Every structure is written in C-alpha cells, then in structure tokens.
Amino acid sequence: MRTVTADLISKARAGDAAAFQELTEPHRRELQVHCYRMLGSFQDAEDALQDTLLAAWQGFKGFEGRASLRTWLYRIATNRCLNARRSASRRPAKQWDVPGVEPPEPTRLGEVVWLEPYPDVLLDPGAQYEQTESISLAFVTALQVLPARQTAVLILRDVLGFSAKEVASMLDSTVDSVNSALKRARAGLRHRPRPDSPAEEVIVAKFVRAWQSADVDALVALLTDDVFISMPPMPFEYEGRDLVARFCARLFDAGRRFELVPTRANGQPAFGAYLRGPDGIHHGVGLYVLSLTGTKICAMTRFENSVLPWFGLPRSLELH
C-alpha cells in the first residue's frame with residue numbers, strides 16, 4: 001500500500017492529474033464536511049472545497065510528506081475557510097417573504113442568516129463523528145458565532161482529533177496559542193441541547209400527521225416548553241411553545257395545507273414542504289429540519305425551497 005501511495009505521489013508531483021485525483025478522492029467528503037462546519041453554508045463549503053483541491057493541485061510539488069496527505073489537505077482547507085470567514089460576502093438577511101402570512105412578532109432576530117442544511121446522503125457512513133452532535137444544526141450554528149480561529153481550533157482538536165502540535169502547524173501558530181484558543185472556544189460555545197431521541201420514528205410520524213392536517217393542538221403537544229424555530233436567511237426566530245404555536249397557526253390560516261416528503265439533513269429528520277395550490281399541484285416552499293430530545297421536538301429550522309434539489313426533492317408534486 002505504501003509503495004502504491006508513494007508511486008501516486010511521485011506521479012502527481014510530476015503533473016499526473018489522474019494520480020492526484022486518486023490520492024485526494026478518499027478525503028473529499030470529509031473535507032467538504034469540515035468546510036461546512038467552518039462556514040455553516042453548503043454552497044460556501046463546496047466553493048471552499050474546490051478552492052482547496054485547486055490549491056493542493058497547484059502546490060503539490062511542495063508537498064514534502066512530513067505530515068500525512070490528509071493533514072496537509074486539512075491545513076489548506078482550514079486556511080481557505082478562515083479566508084472565507086474574513087470576507088464580507090456572506091449571505092445577507094432577507095425580509096419576510098411568505099405570501100399571505102403575517103408573522104407574529106419574533107422573539108429576536110438571528111445572527112446566522114447564512115446557515116444552510118447539509119444532506120445526510122453526502123456524509124461518509126464510515127466516519128462516526130459525522131453521525132453525532134458535531135454535524136447537527138445546533139452545533140454548526142454555535143460555531144458560526146465563535147471567532148474564526150477558535151472555530152478552526154475547536155473543530156480540528158475536539159471533532160477531528162488532531163493534536164495541538166498538528167493544529168499549531170496548520171495555523172502557523174504555537175501550541176500554547178492553540179491550547180488557549182481551544183479553552184476560549186469551549187467556554188464560548190453557545191449551543192442548545194444535543195438532539196437525541198430514541199423515539200424518533202414515533203415523533204416524526206406524529207409530526208407529519210399534525211402538520212399535514214393543520215392540527216395545531218396535536219403539533220403543540222409534540223413541542224418542548226422552550227421549543228425554538230429559525231428560518232435562515234430570514235432572521236426571524238421564535239422561542240417558547242405558545243409563540244411557536246401562534247406562528248404555526250398563522251401558516252395554516254386561510255386553508256393553507258401542506259404535504260411533507262421525508263429526507264434527512266445534518267443527521268436529523270427533515271422534510272420537503274409542499275403547499276397545495278389552487279391547481280391541485282403542491283409547490284415546494286421549503287425544507288424543515290427537526291431537532292428532537294426525548295419524546296419531544298425542541299427545535300425546527302425552516303430553509304428556502306432553493307435547497308430542495310440538494311436532497312433530490314422535486315420543486316413540485318402532482319398528487320392524485
């Protein structure tokens with residue numbers, strides 16, 4: 001195996017693009033997830049991944065093998081993401097744009113309006129850390145409000161398991177600086193309870209029935225007291241069962257009825273939401289991602305319909 005890898009490295013250094021692709025392909029998925037954790041946006045993560053692979057290809061002659069290829073690629077990807085977080089091109093907030101619905105006054109306006117969901121189908125089933133809290137929307141959102149270098153250190157050390165010495169090398173820093181940044185990141189990490197529910201299948205089935213039948217009482221019975229709704233890129237956030245119930249009731253007003261199509265995002269249950277039109281066609285209006293705790297729903301995040309194709313979901317449904 002080492003001989004094969006050494007041969008591929010030699011070929012890639014000599015300009016063999018196929019050899020380079022064979023070397024880097026096994027790391028592609030995990031690098032994309034890393035960029036997503038850093039940036040909170042699926043589209044920005046894909047851009048950062050492409051920049052990483054291009055930079056790696058252009059600089060491959062400089063790869064000396066003192067660190068593993070994986071570590072070298074993570075160094076490039078992390079620094080590309082740090083550059084992206086410093087730029088001013090993050091997605092701006094949007095005004096409320098749900099036709100015919102007047103929302104209640106929100107609890108607050110959220111900071112992380114660029115958040116996007118990550119399709120579970122793109123996660124590497126062999127990478128256990130991707131199936132835990134570290135890919136949940138709550139965790140990814142919390143990372144976005146940390147300073148960029150603290151985010152990088154926390155992910156590289158606590159999620160990916162790189163040593164302080166390796167991280168210091170990746171960030172052109174010192175071990176003391178890395179340890180200090182990690183301590184501050186852990187202290188500053190604001191994030192909601194870890195989604196965890198052994199009763200997921202039962203809760204999800206009840207949610208679908210309640211939502212599709214516009215049964216607000218049945219829906220409210222599934223929510224925790226401090227349930228939380230957000231809807232990036234709109235900054236509106238609602239907290240507490242009563243306020244969330246009022247928000248949902250407004251969505252169902254005037255006979256609005258939905259069809260939900262199940263999928264998964266960020267290791268959590270998710271649904272493409274389709275609104276029934278006067279023509280009988282259900283038009284895609286967004287994607288809902290649920291966070292569960294015990295036997296209740298503790299959070300719901302609504303994303304725009306532009307994300308539906310990432311999950312293999314159609315823009316509209318014709319139901320008979």
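Spin-label model, Gln212/Ala55: points 7 Å from Cα along the beta carbon direction are separated by 4.7 nm. Of the residues Leu143, Ser180, Val101, the one whose Cα sits farthest toward the positive end of the charge dipole of the chain, with +1 on the Cβ of Lys and Arg and -1 on the Cβ of Asp and Glu, is Ser180.
Working note: 222 nm ellipticity from helices only, DSSP H runs with n ≥ 4, each -39,500 (n - 2.57), summed and divided by the residues of the chain, gives -12500 deg cm²/dmol to the nearest 500.
In this label model, Arg246 and Val145 are separated by 2.2 nm, measuring between points 7 Å along each Cα→Cβ vector.
How large is the convex hull of the C-alpha atoms of segment 66-115 per residue, in Å³?
Numbers: hull volume 6.2 nm³, N = 50.
Spelled out: Cα convex hull of segment 66-115, divided by residues, is 125 Å³.
As a calculated quantity, the FRET efficiency between Gln43 and Leu189 at R0 = 25 Å, using C-beta atoms, amounts to about 0.50.
In segment 46-118, a dipole from Cβ-located charges (positive for Lys and Arg, negative for Asp and Glu) runs towards its positive end, and of Ala56, Gly110, Asn83 it is Ala56 whose Cα lies farthest in that direction. Magnitude of the charge dipole for the chain, about its Cα centre and with charges confined to Cβ atoms of Lys, Arg (+1) and Asp, Glu (-1), is about 860 debye.
Apply 1/(1 + (r/R0)^6) to the Cβ-Cβ distance of Arg108 and Asp7, taking R0 = 35 Å, and write down the FRET efficiency to the nearest 0.05. It comes out at approximately 0.05.
Under the rule a/c < 1.5 gives rounded, and otherwise a/b versus b/c splits prolate from oblate, where does segment 22-166 land using the Cα gyration tensor? Before the final figure, lay out each step's value.
Working: a/c = 2.09, a/b = 1.95, b/c = 1.07.
Taking the square roots of the gyration eigenvalues as a ≥ b ≥ c, segment 22-166 is prolate.
Values quoted throughout were computed directly from the atomic coordinates according to the rules given, and no laboratory measurement underlies them. Just so it is clear, the model here is predicted, and its values are computed rather than measured. Every residue, glycine as well, gets a Cβ built from its backbone with ideal geometry; the counts of neighbours run over all protein chains shown.
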